[in-house]
Amino acid sequence: MKEKINIGLFIDAFFPMIDGVVMVVDNYAKRLSKYANVYVFAPSPYNKKIDDSKRNYNVIRCQSIPVPFLDYSLPLPKIDHKFLKQLNSIKLDIVHIHSPATLGRVGFKYAKKNGIPVIATFHSQYYQDFMRTTKSKTISKKLLKSIMKLYDECDECWAVNQEVGRIFHEEYGYKKMPIVKNNATEMIPSSNIEKSIERINNLHNLKDEYVFLFVGRLNKLKNILFIVDSLHELKDLNYKMLFVGNGHDEEELKERIKQLKLEDKIILCGRVTDRDLLRDYYVRADLFLFPSMYDASSIVQIEAASQKTPGLFLENSATSCNIINNHNGYISKNNIKEYANRIKEILSNKEEYKKVCNNAFNELYINWDKEIENVYKTYLEIIERNK
């Protein structure tokens, strides 16, 4: 094998858009660049300029158009001749697709045409996406069948946790149980907890009160309105709720907060790109609220665990599959009053809470460096097998 292999990562959304999959691919690319030549194939932001020159990996962009009512734009690789020319000028050794849509399919076809292995990672619960968009079980099943056909033809498929693997195998029809490759974070524990707390206190004029935190896109898919409705049940509790992020449902979130007269309890902090500042938000929070039934394995819950901040999830959610209730995190029934009551229960048992904080850190905090070292070794093994 030559000294450095060429790795192609294909993704249908990328910076300046930020979500969990974008962060996964960015962390893959940054760390894999220690061992290999890495190329990320991604869409250009519509009508915006972005400078990728400071990244330690190559980014090759294709044209895109905005999608109404969504945070994302649609990549158009097939009509972007400059992009296709760049892609075909590179001799990749392995392709890793992070979406079954436009750019993922381009990567898949490139791999098959050039006789190199292609890996896919299952990041999302696609059937939910299709149902939400089409409102039709028939259409959703046809779309799901189409992407599962693509996945079945990949050399290997990875799932971000055991539950996502089970969903794709048992419910979506993937031919075998996928290999689990965990998500992780580059975030490290705060070296000065008091300073981190003081920074957020000063930023939002916080006093001696409980702080709850949500980090992510302000999208109803994430159950953000459920959080507000649950907190309305706790209006007599001395707390502040911090929403970190932005998204197309932000106005609806503001309206719900106003309707429930929670303006003095809830703060919308906006999008935070400064990773040190984001770390400090996790440090200041007493509890990370993440009642999403949509997410597969969210990086934000790993980030929270890195600062010993436990999360409260919903039972039977994919993203709670590694949570042991009252041990390394908390689980609630999918009910507003039950969720509110769980918050009160958690805060009332301080000894158990301390143990859960430590267990979250010890059991759920995973750093990308070790994970990517294993990913690279797996790439080499797959390339050798493919020869």
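The values are calculated or read from the model by the stated rules, or taken from the named source; none is laboratory data. Keep in mind that this is a model prediction, so the values were computed, not measured. Heads up, the Cβs are rebuilt from the backbone with ideal geometry, glycines too, and the neighbour counts pull from every protein chain shown.
Given (1) assigned by TED's automatic domain parsing to the domain that holds THR378; (2) surrounded by 14 or more Cβ atoms within 10 Å (Cβ to Cβ); (3) in contact with a helix residue (DSSP H, G or I) (Cβ under 8 Å, 6 or more places away or on another chain); (4) over 30 Å from ASP93 (Cα atoms), where does GLU156 come up short, assuming only one miss?
Going through (1) assigned by TED's automatic domain parsing to the domain that holds THR378; (2) surrounded by 14 or more Cβ atoms within 10 Å (Cβ to Cβ); (3) in contact with a helix residue (DSSP H, G or I) (Cβ under 8 Å, 6 or more places away or on another chain); (4) over 30 Å from ASP93 (Cα atoms) one by one, GLU156 breaks only (4).
Could you identify the single residue in TYR281, TYR294 that is surrounded by 24 or more Cβ atoms within 10 Å (Cβ to Cβ) and on the phi < 0 side of the Ramachandran plot? It would help to see each step written out before you state the result.
On the way: TYR294 fails: surrounded by 24 or more Cβ atoms within 10 Å (Cβ to Cβ).
When all the criteria are applied, what remains is TYR281.
Looking at LEU76, LEU103, LEU87, can you tell me which residue is crowded, with 22+ Cβ neighbours inside 10 Å, among the hydrophobic types (A, V, I, L, M, F, W, C) and touching a residue at least 24 places away in the same chain (Cβ under 8 Å)? Reasoning before the result, please.
Numbers: LEU76 fails: crowded, with 22+ Cβ neighbours inside 10 Å; LEU87 fails: crowded, with 22+ Cβ neighbours inside 10 Å.
Sole residue among the options that is crowded, with 22+ Cβ neighbours inside 10 Å, among the hydrophobic types (A, V, I, L, M, F, W, C) and touching a residue at least 24 places away in the same chain (Cβ under 8 Å): LEU103.
Considering ILE372, ILE346, which residue is closer than 30 Å to LYS34 by Cα and either over 24 Å from the mean Cα position of the chain (by Cα) or part of a helix (DSSP H, G or I) (or both)? Give the steps one after another, and end with the answer.
Values: ILE346 fails: closer than 30 Å to LYS34 by Cα.
Unique residue meeting the criteria: ILE372.
Restricting attention to the range 86-104, and to residues there that are in a loop (DSSP other than H, G, I, E, B) and not hydrophobic (A, V, I, L, M, F, W, C), which single residue is farthest from the chain's Cα centre (by Cα)? Walk me through how you get there before you give the answer.
As a first pass, look at the range 86-104 and keep what is in a loop (DSSP other than H, G, I, E, B): 89-93, 98-101.
Subsequent filtering for residues that are not hydrophobic (A, V, I, L, M, F, W, C) retains 89, 91, 93, 98-100.
On the way: SER89: 31, LYS91: 30, ASP93: 27, HIS98: 12, SER99: 13, PRO100: 16 Å.
Ranking the qualifying residues of the range 86-104, first place goes to SER89.
I'd like to verify a number: residues in the range 105-148 that are of a type outside the set (D, E, K, R) and part of a loop (DSSP other than H, G, I, E, B), how many? Before the answer, list the steps.
Restricting attention to the range 105-148, the residues satisfying the condition of being of a type outside the set (D, E, K, R) are 106-108, 110-111, 114-128, 130-131, 133-134, 136, 138-140, 143-144, 146-148.
If we keep only those that are part of a loop (DSSP other than H, G, I, E, B) too, we end up with 115-117, 123-125, 136.
Summing the residues that are of a type outside the set (D, E, K, R) and part of a loop (DSSP other than H, G, I, E, B) in the range 105-148 gives 7.
Looking for whichever is outside the structural domain of PRO16 (by TED's automatic domain parsing) and touching a residue at least 60 places away in the same chain (Cβ under 8 Å) here; the options are ASN223, ASN238, ASN202. Which one fits? Break it down into steps so the answer makes sense when it comes.
Details: ASN238 fails: touching a residue at least 60 places away in the same chain (Cβ under 8 Å); ASN202 fails: touching a residue at least 60 places away in the same chain (Cβ under 8 Å).
The conditions single out ASN223.
Given the conditions (1) modelled with pLDDT of 95 or more; (2) touching a Ser or Thr at 6+ places or on another chain (Cβ under 6 Å), which single one is not true for SER298?
Only one criterion in (1) modelled with pLDDT of 95 or more; (2) touching a Ser or Thr at 6+ places or on another chain (Cβ under 6 Å) is unmet by SER298, namely (1).
Of these, LYS333, LYS337, LYS258, LYS308, which one is within 27 Å of ALA159 (Cα to Cα) and surrounded by fewer than 15 Cβ atoms within 10 Å (Cβ to Cβ)? Outline the logic, then answer.
On the way: LYS337 fails: within 27 Å of ALA159 (Cα to Cα); LYS258 fails: within 27 Å of ALA159 (Cα to Cα); LYS308 fails: surrounded by fewer than 15 Cβ atoms within 10 Å (Cβ to Cβ).
Checking each option against the conditions leaves just LYS333.
At pLDDT below 95, under 16 Å from the mean Cα position of the chain (by Cα) and closer than 29 Å to ALA296 by Cβ - does that describe any residue in the range 221-237? Before the answer, list the steps.
Filtering the range 221-237 for residues at pLDDT below 95 gives 221, 235-236.
With the extra rule that they be under 16 Å from the mean Cα position of the chain (by Cα), the set shrinks to 221.
With the extra rule that they be closer than 29 Å to ALA296 by Cβ, the set shrinks to 221.
Taking every residue of the range 221-237 in turn, at least one turns out to be at pLDDT below 95, under 16 Å from the mean Cα position of the chain (by Cα) and closer than 29 Å to ALA296 by Cβ.
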